[in-house]
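Step one of this worksheet: look at the structure below.
The values are calculated or read from the model by the stated rules, or taken from the named source; none is laboratory data. Note that the structure is a prediction, hence the values are computed from the model and not measured. A quick note on method: Cβ atoms are made from the backbone with ideal geometry, for glycine too, and the neighbour counts reach across all protein chains shown. Calculation scope for accessible area: heavy atoms of the full protein, side chains included, ligands and nucleic acids excluded. Shrake-Rupley method; radii C 1.70, N 1.55, O 1.52, S 1.80 Å.
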Amino acid sequence: MRLCGLQPALRGRVLIDGQDIATIKPADLATRISVVLTESIDPGLLTVRELVALGRTPHLPASARLSPEDRAAVDWALDAVGASELASRQFGELSDGQRQRGLTARALAQDPSLLVLDEPTSFLDVPSRVEFVDVLGRLAREQNLAVVMSTHELELALRVSDRMWLLAADRTLTCDSPSALAESGRIGAAFDRGRMRFDPRTVVFDLEPEDRRV
């Protein structure tokens with residue numbers, strides 16, 4: 001949560017666009033970092049479009065009225081996650097996968113430099129997980145957006161990530177490329193259990209490191 005400016009750092013600094021986030025005013029930070037958490041929300045009778053429009057709040061003037069540019073940002077965010085057809089539906093009527101798209105669209109409507117997601121695929125079925133992570137990877141490449149997510153979806157993370165932080169059972173944290181972590185044996189050491197063994201030779205890395213931003 002220090003990455004989002006929600007907790008003080010134990011040591012060191014967190015920089016965004018070269019600036020220490022501890023020196024950035026909360027109102028300005030809200031225009032640069034957006035967060036999607038796992039907690040369920042109850043937006044009442046808001047439609048998906050109205051919920052996504054809340055992402056524009058940090059950019060709005062005192063009147064809080066959406067400008068044509070704000071409405072265009074909302075439309076783009078809905079389209080970016082494939083949720084345009086959900087815009088007029090009430091958020092409370094959506095499936096888990098559809099809700100995740102709506103919340104991600106709200107975060108994208110903030111027009112951030114950094115998108116942080118906490119276990120974004122937790123409540124999705126397998127096809128939806130693959131599709132959702134693919135959307136994140138595409139947005140990272142096309143929008144030059146930094147995407148940081150925590151996940152237990154090891155295979156998906158290996159396929160789309162540029163860099164990975166691997167937290168071992170002894171709480172040792174290692175950061176490296178997916179291929180380096182796989183080939184070093186660190187992933188096997190963290191995940192091997194019983195007869196289940198991680199074999200780096202079977203992993204397919206879809207993108208070259210310079211093409212990934214997740």
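Suppose a student asked you for the relative contact order of the chain, using Cα pairs under 8 Å spaced at least 6 residues apart; what percent would you report?
Relative contact order of the chain: 18 percent.
Rounded to the nearest 5, what % of the DSSP beta bridges within the chain are antiparallel ones?
If we restrict to bridges inside the chain, about 45 percent are antiparallel.
Per residue, what accessible area does region 134-200 have, given a 1.4 Å probe and all protein chains present, in Å²?
Heavy-atom SASA per residue in region 134-200 reads 62 Å².
Report the full-extension gain for the segment residue 42 to residue 79: residue separation times 0.36 nm, less the Cα-Cα distance, to one decimal in nm.
Between residue 42 and residue 79, full extension yields 11.0 nm more.
Can you compute the charge dipole magnitude of region 90-170 about its Cα centre, using +1 on each Lys and Arg Cβ and -1 on each Asp and Glu Cβ, nothing else charged? Give it in debye, rounded to the nearest 20.
Computed about the Cα centre, the dipole is about 240 debye.
Work out the length of the dipole vector of the chain about its Cα centre, built from +1 on the beta-carbon of each Lys and Arg and -1 on the beta-carbon of each Asp and Glu, and round it to the nearest 20 debye.
That gives the chain a dipole magnitude of about 500 debye.
Using only DSSP helix segments of four residues or longer, with each worth -39500 (n - 2.57), what per-residue ellipticity at 222 nm results for the chain after dividing by its residue count and rounding to 500?
One gets -10000 deg cm²/dmol as the mean residue ellipticity at 222 nm.
Compute the distribution of all C-alpha to C-alpha distances in region 23-130, in bins of 5 Å from 0, and list the percent of pairs in each, rounded to whole numbers.
Answer for region 23-130: a P(r) of 2, 13, 22, 24, 21, 11, 4, 2, 0 percent.
How about region 113-199: which trypsin sites (Lys or Arg not before Pro) there are in a DSSP loop, with at most 12 other Cβ atoms within 10 Å of their Cβ?
Of the trypsin sites (Lys or Arg not before Pro), the ones in loops of region 113-199 whose Cβ has at most 12 other Cβ atoms within 10 Å are 171, 195, 197.
Work from the charge dipole of the chain (Cβ charges, +1 for Lys and Arg, -1 for Asp and Glu, about the Cα centre) and give the residue of 166, 59, 78 farthest towards its positive end.
After comparing all options, I get 166.
Note down, for the chain, the three equivalent ellipsoid semi-axes (square root of 5 times each alpha carbon gyration tensor eigenvalue), biggest first, whole angstrom.
They are 32, 21, 15 Å, listed largest first.
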